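**Student:** Here it is, the structure, as structure tokens.
A short reminder: the numbers here are calculations on the coordinates, not readings from a lab. Keep in mind that what you see is a predicted model, and the values were worked out from it rather than measured. Virtual Cβ from ideal backbone geometry, glycine too; neighbours counted across all protein chains shown.
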Number of protein chains: 2
Amino acid sequence: MARLPIWPTQNDFPMTKGALKIAIAGLGTVGGGVVKTLASRHDALAAQAGRKLEIVAVSARDSNKKRDFSVGSLLSDPLALASSDADVVVELIGGEEGIARKLVETALQNGKHVVTANKALLARHGKRLAEMAEAKNLQLKFEAAVAGGIPIVTTLREALIAHGVDAVKGILNGTCNYILTEMEVSGRGFADVLKEAQAKGYAEADPTLDIGGGDTAHKLALLSSLAFGTAPDLLNMRVEGISHITAEDIGFASEFGFRIKLLGVARQTYDENGAALGIDQRVRPAMVRARTPLANVDGAANGVVVDAGEAGSFFFSGRGAGEAPTASAVVSDLVEIARGSFGPVFGRPAAGLKNLVPAESGASAWYLRFDVLDVPGVLAEIAGRLSDANVSIESMIQRGRAPGEHVSIVMITHESPQDAVERALKAVAASDKVRARPCMIPMEAA
Amino acid sequence: MARLPIWPTQNDFPMTKGALKIAIAGLGTVGGGVVKTLASRHDALAAQAGRKLEIVAVSARDSNKKRDFSVGSLLSDPLALASSDADVVVELIGGEEGIARKLVETALQNGKHVVTANKALLARHGKRLAEMAEAKNLQLKFEAAVAGGIPIVTTLREALIAHGVDAVKGILNGTCNYILTEMEVSGRGFADVLKEAQAKGYAEADPTLDIGGGDTAHKLALLSSLAFGTAPDLLNMRVEGISHITAEDIGFASEFGFRIKLLGVARQTYDENGAALGIDQRVRPAMVRARTPLANVDGAANGVVVDAGEAGSFFFSGRGAGEAPTASAVVSDLVEIARGSFGPVFGRPAAGLKNLVPAESGASAWYLRFDVLDVPGVLAEIAGRLSDANVSIESMIQRGRAPGEHVSIVMITHESPQDAVERALKAVAASDKVRARPCMIPMEAA
């Protein structure tokens, strides 16, 4: 066997036994949670880390804001943290470019470990930043970037590695899951529930990144990298949000024994002979069979299934956002750094992370909903178009309203390739008997 | 603050960059799985570990047994592994004393890291063995000892540490969970299903350790230690198995919206003022509300809930036994050792692990089943005894058979202290209208 590219061991990694000196950039919900936890659990954490954890500098956008904790004097310039005497910089500013990126790069250049919750930054620039860290034997840790308090980053990097990973599937955005759960419970429509979620603080004033699937995409790119040893890749990913899901779809799903969830799925695909083709990454609403683990993830919670080859499927769930769960993830990264934990950022040396080879996975069964005029021949026309594309129907529900008004026709197909179904729907959509673009949702196997 | 007992950093930990040399003691299901995985996934694992993982010696009880893999020559004496040139000894012999204990002790004395799946050994001697390992800056890792492929040991030791742990609750024995699931699905009795499980290889010829709760107790002792920073403690633990559970109990549970699961529960208890009292450790069948995560753990799977203070509840499930899941845990420990991961065995320096202070948790609601003669006055008598003990009833089902035959009376109590309920049942059992010892199962809050 060829000589392996050996990366440095922990013996090369500079470390003292004094307190771990921490600088924190950003005092929002998560930053405040980290500060409070490091204070209130000081002695317990020191016992677990083998060293004290000491905050030496903090920056915040608004240094005059009233806070329910004290941190001494606040710096207004986050970049100053990168030249402080801290051992670790905790980046909680967010955003894939700008000051957050500059801070992480400068901190690494200056020989400081970095802990970040910034999924957007790592999804875009993860490979390069990991190379920078590893070149200097520094840690760049990001447990808080995906699924809040659920230790899914550590699990994929360190635990479920023996048999490889076939697929990772997750409910990774609490806002979307809250909205879909509320729609189901209350029977109300998307727009109405979104408005309420905004009022309650569960959704942002501009909810695009959440409901459009972008936030899930960032997180999925990181999980996919950890699972498959590829560089994080946002480009080779189909992303679809939840804003077109109606209360009617959720009701029909329930009748068929399913629930609709926004899933991020990254899956190894194979040809007919079992040879690996590449990775299929997608974010989209999916029908998940009731009583399976992901179907039972309710409200703002997160959940992840890892199919770990022969070792079987594992499921992890819990709070995926908010002050305490996210601070929990940041603090566990800090303790790992204090302990001197060592290992490459994405589980394999960053320089060796391969480019992702995109490969769509094969057929799936589909839920289709057609919003049609209640006129003769409409069902025949839809059935004909599906038949033309070789898509066959497993079950169907037609539900009428008042005569002459619009009617929903819902079908579950047998396994069919996505492009065949899309072709059929395009033909159907051209009909003057059809009132709106047909809705198409994959049935996710358990 | 007083100076902390600083334990060594990874700089004190001897490590080379060559292959990690591994000796394996025991070639049963798990040992075979480890050998096969290290061979078939050799390059992938080397990329993750940063070094090759190389088996240098293996011992097995029967060196002539036909196996579906080759490992070179086999040693018959496991103790020889402790003086081999291995860096790590993997102990897969089992048993809390005898050769397994001797091997682990000698390996540590000889400066070798140890990976083990031996829950009995660590539950009994964990603190002493951890002290031996830490005195020599060695790793003693045991992810495979609890819940097979689920990384719950790593999670408690490294991830869910920021806010402390209030409780750990687990379905930790696949044999019991398989039997209870089969009883529910088929309506058959315990003895019948156990016999079938033995025929299928899901239960041992002597199933005492599984169905009596002893195996769950070993695992719970380890989780409790990791969660609360106490030395593993098997003595301060109430343990009850599942052999008294009847198909009727499972049927009644279902009518009330519950499922019966054998749970290991370790919980921090508090007095009325919120001051910590101690740890309540118990293994016993419990009523778990349907649709909660633990209720949905079916068949031979395992599942664990961790209540992590303000960070909320987290749930982990997957295959808890068998070749691939357990090998997965062993191999992930080996990769961590190869990477130079560093940290104390039970999350805190072993010398500082406190003795567990036992403290029963307060009241709970109870399921009670009385097997009575269908004669006048029996219900009045039971109700009277419960009332005497100040136990009040929330709901009741009485189901008659033919007149004069025996009848089951089932009650769910309001929250009541265990000793009060036990007192009442003892009084009821003394009645000549009662045919058998009443059955008493706690209702576990979600």
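**Student:** Given chain A, what percent of its DSSP beta bridges are antiparallel, to the nearest 5?
**Tutor:** Numbers: 48 of 71 bridges.
Given both bridge residues lie in chain A, the antiparallel proportion sits at roughly 70 percent.
**Student:** Same structure again: Can you list, shortest first in nanometers, how far A:Ser387 lies from the same residue in the other copies, with each label 7 Å from Cα toward Cβ?
**Tutor:** 7.3
**Student:** Rounding to the nearest 20 debye, state how big the charge dipole of chain A is about its Cα centre with +1 on each Lys and Arg Cβ and -1 on each Asp and Glu Cβ. Intermediate results must be reported in sequence, preceding the final value.
**Tutor:** Working: 47 positive and 51 negative charges, 212 e Å.
So the dipole magnitude of chain A works out to roughly 1020 debye.
**Student:** With the contact rule set at Cα under 8 Å and sequence spacing of 6 or more, what percent relative contact order holds for segment A:154-319?
**Tutor:** Values: 312 pairs, mean separation 54.6, N = 166.
Once divided by the residue count of segment A:154-319, the mean separation gives 33 percent.
**Student:** Continuing with the same structure: Looking at the protein assembly as shown, send over the antiparallel percent of its DSSP beta bridges, to the nearest 5.
**Tutor:** Working: 99 of 145 bridges.
Taking every DSSP beta bridge with both residues in the protein assembly as shown, the antiparallel ones total about 70 percent.
**Student:** Could I ask something else about it? Projecting each Cα onto the charge dipole of the protein assembly as shown (Lys/Arg +1, Asp/Glu -1 at the beta carbon, about the Cα centre), which of B:Val375, B:Ala221, B:Ala49 comes out farthest on the positive side?
**Tutor:** Positive-end residue among those listed: B:Ala49.
**Student:** Just to confirm a number: summing +1 for Lys and Arg and -1 for Asp and Glu over residues other than B:Gln109 whose beta-carbon lies under 13 angstrom from that of B:Gln109, what do you get? Intermediate results must be reported in sequence, preceding the final value.
**Tutor:** Numbers: positive: B:Arg101, B:Lys102, B:Lys112, B:Arg128, B:Lys136; negative: B:Glu105, B:Glu131.
Counting the neighbours of B:Gln109, the net charge comes to +3.
**Student:** Rounded to the nearest 500, what is the 222 nm mean residue ellipticity of chain A from helices alone, with -39500 (n - 2.57) per DSSP H run of 4+ residues and division by all residues?
**Tutor:** Numbers: 12 runs with 141 residues, N = 446.
Estimated from H runs of four or more residues: -10000 deg cm²/dmol.
**Student:** Quick one: grab the alpha carbon gyration tensor of the protein assembly as shown, order the square roots of its eigenvalues as a ≥ b ≥ c, and give me rounded if a/c is under 1.5, else prolate or oblate depending on whether a/b is larger than b/c. Please list the in-between numbers first.
**Tutor:** Numbers: a/c = 1.39, a/b = 1.01, b/c = 1.38.
Rounded, because the longest to shortest axis ratio a/c is under 1.5.
**Student:** How high is the relative contact order of segment B:366-444, in percent, counting Cα pairs under 8 Å that sit 6 or more residues apart?
**Tutor:** Numbers: 135 pairs, mean separation 38.2, N = 79.
Relative contact order here is 48 percent.
**Student:** Let me ask something else. For segment A:154-319, give the magnitude of the charge dipole about the Cα centre (Cβ charges: +1 Lys/Arg, -1 Asp/Glu; no others), in debye to the nearest 20.
**Tutor:** In total the dipole reaches around 240 debye.
**Student:** Just grab the label-to-label distance for A:Ala276 and B:His406, each label 7 Å out from Cα along the Cβ direction, in nm (one decimal).
**Tutor:** 6.0 nm
**Student:** Hey, another quick one. What net charge is computed for the residues neighbouring B:Leu172, neighbours being all others with C-beta under 10 Å from the C-beta of B:Leu172, Lys and Arg scored +1, Asp and Glu -1? Please list the in-between numbers first.
**Tutor:** Numbers: positive: B:Lys119, B:Lys169, B:Lys219; negative: B:Asp215.
Result for the neighbourhood of B:Leu172: +2.
**Student:** Relative contact order of chain B: what whole-number percent is it, with Cα pairs under 8 angstrom and at least 6 residues apart?
**Tutor:** Values: 940 pairs, mean separation 72.9, N = 446.
It rounds to 16 percent for chain B.
**Student:** Give the cross-link partners of B:Lys354 among the lysines, using a straight C-alpha distance below 29 Å as the criterion and excluding same-chain residues fewer than 8 apart.
**Tutor:** A:Lys17, A:Lys21, A:Lys36, A:Lys52, B:Lys102, B:Lys112, B:Lys119, B:Lys127, B:Lys136, B:Lys141, B:Lys169, B:Lys219
**Student:** Let me ask you something else. Within 10 Å of each Cβ in peptide A:324-335, how many partner chain Cβ atoms are there on average? Round it to a whole number, please.
**Tutor:** Values: counts 7, 8, 1, 4, 11, 4, 1, 5, 6, 3, 1, 6.
Averaged over the peptide's residues, the number is 5.
**Student:** Here's something else I'd like to know. Along its principal axes, what span do the Cα atoms of segment A:95-175 show, with the longest given first and each in whole Å?
**Tutor:** 36, 33, 19
**Student:** Along the charge dipole of segment A:154-319, Cβ charges K/R +1 and D/E -1, which of A:Ile171, A:Gln281, A:Ala191 sits furthest on the positive end?
**Tutor:** Of A:Ile171, A:Gln281, A:Ala191, it is A:Ile171.
**Student:** Assuming a ≥ b ≥ c are the square roots of the Cα gyration tensor eigenvalues, decide whether segment B:259-340 counts as rounded (a/c under 1.5), prolate (otherwise, with a/b larger than b/c) or oblate. Mind showing how you got there, number by number?
**Tutor:** On the way: a/c = 2.39, a/b = 1.37, b/c = 1.74.
Note, shape of segment B:259-340 comes out oblate.
**Student:** Run the label-point distances for B:Arg399 please: 7 Å along Cα to Cβ, every other copy, nanometres, shortest first.
**Tutor:** Distances to the matching label points in the other copies: 3.6 nm.
**Student:** Still on this model: State the extension gain, in nm to one decimal, for the chain segment bounded by B:Glu196 and B:Arg437, taking 0.36 nm per residue of separation less the distance between their alpha-carbons.
**Tutor:** On the way: separation 241, 0.36 × 241 = 86.76 nm, distance 2.68 nm.
That works out to 84.1 nm of additional length.
**Student:** Next question, about the same structure. Counting other Cβ atoms within 10 Å, keep those with at most 15, restrict to DSSP loop, and tell me which GluC sites (Glu not before Pro) in segment A:48-131 are left.
**Tutor:** Working: sites: A:Glu54, A:Glu91, A:Glu96, A:Glu97, A:Glu105, A:Glu131; in loops: A:Glu96, A:Glu97.
Counting only loop positions with at most 15 other Cβ atoms within 10 Å, the GluC sites (Glu not before Pro) in segment A:48-131 are A:Glu97.
**Student:** Mind giving me the nanometre distance, one decimal, between the label points for B:Leu379 and B:Glu248, set 7 Å out from Cα along Cα→Cβ?
**Tutor:** With each label point 7 Å from Cα toward Cβ, the separation is 1.6 nm.
**Student:** What is the pair-distance distribution P(r) of chain A, computed from all Cα-Cα distances in 20 Å bins starting at 0, with each bin given as a whole percent?
**Tutor:** Once binned at 20 Å, the Cα pair distances of chain A give 24, 51, 22, 4, 0.
**Student:** Related question: Are there trypsin sites (Lys or Arg not before Pro) in segment A:35-125 that DSSP marks as loop and that have at most 11 other Cβ atoms within 10 Å, and which are they?
**Tutor:** Taking segment A:35-125 and a limit of 11 other Cβ atoms within 10 Å, the loop trypsin sites (Lys or Arg not before Pro) found are A:Lys65, A:Lys66.
**Student:** Here's another thing I want to ask about it. Put a point 7 Å out from Cα along the line to Cβ at A:Ala429; what are the distances to that point in the other copies, in nm, shortest first?
**Tutor:** Counterpart label points of A:Ala429 in the remaining copies fall at 7.1 nm.
**Student:** Right, another one. Filter the GluC sites (Glu not before Pro) in segment B:366-446 down to the DSSP loop ones having no more than 11 other Cβ atoms within 10 Å, then list what survives.
**Tutor:** On the way: sites: B:Glu381, B:Glu394, B:Glu405, B:Glu415, B:Glu422, B:Glu444; in loops: B:Glu405, B:Glu415.
Sites meeting the loop and neighbour criteria: B:Glu405.
**Student:** Here is a follow-up. Just how large is the dipole of the protein assembly as shown about the Cα centre, in debye to the nearest 20, putting +1 at every Lys and Arg Cβ and -1 at every Asp and Glu Cβ? Don't skip to the answer; put the middle values down first.
**Tutor:** Numbers: 94 positive and 102 negative charges, 329 e Å.
Once rounded to the nearest 20, the dipole reads 1580 debye.
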